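All of the numbers you see were taken from the coordinates with simple rules; none came from a lab. The shown structure was predicted, so the numbers you read here are calculated from the model rather than taken from an experiment. Please note: Cβ atoms are built from the backbone with ideal geometry, for glycine as well, and neighbour counts cover all protein chains shown.
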Amino acid sequence: MSERDEEEREFDLKWADGAEHKEPSARARMLAARWKDNPPGPVPFRGEPEHRGRGRGRLRGPAAGRSSWVSTAVVLGCVVAVIVLLGYINFRPY
């Protein structure tokens, strides 16, 4: 591409980006047409999942609140152990 073509292309991009009105995407036009006659109902921010399988769901009972604390304690314990180990390696006499 020559330098002149590059300048024209850059001008065209600036001109297009500076347009006052931008045409909506095809999906936006499709949804606007569909919702004109039949608007969607209210939807909660986070709806309940439709299917809850067994096994990998939320914990129930007394262990429900402890799981996050146990994970946090394990991670922090590992970090402290690594820090102590590195300190021991750096300060032991040779």
*FRET efficiency, TRP69 to ASN90 (Cβ-Cβ, R0 25 Å, nearest 0.05)*: 0.20
*Figure the gain on full extension for GLU50 and ARG27 (residue separation times 0.36 nm, minus the Cα-Cα span) and round it to one decimal in nm.*
5.7 nm
*Roughly speaking, what is the stretch gain from ASP37 to VAL79, that is 0.36 nm per residue apart minus the C-alpha to C-alpha distance, in nm to one decimal?*
9.3 nm
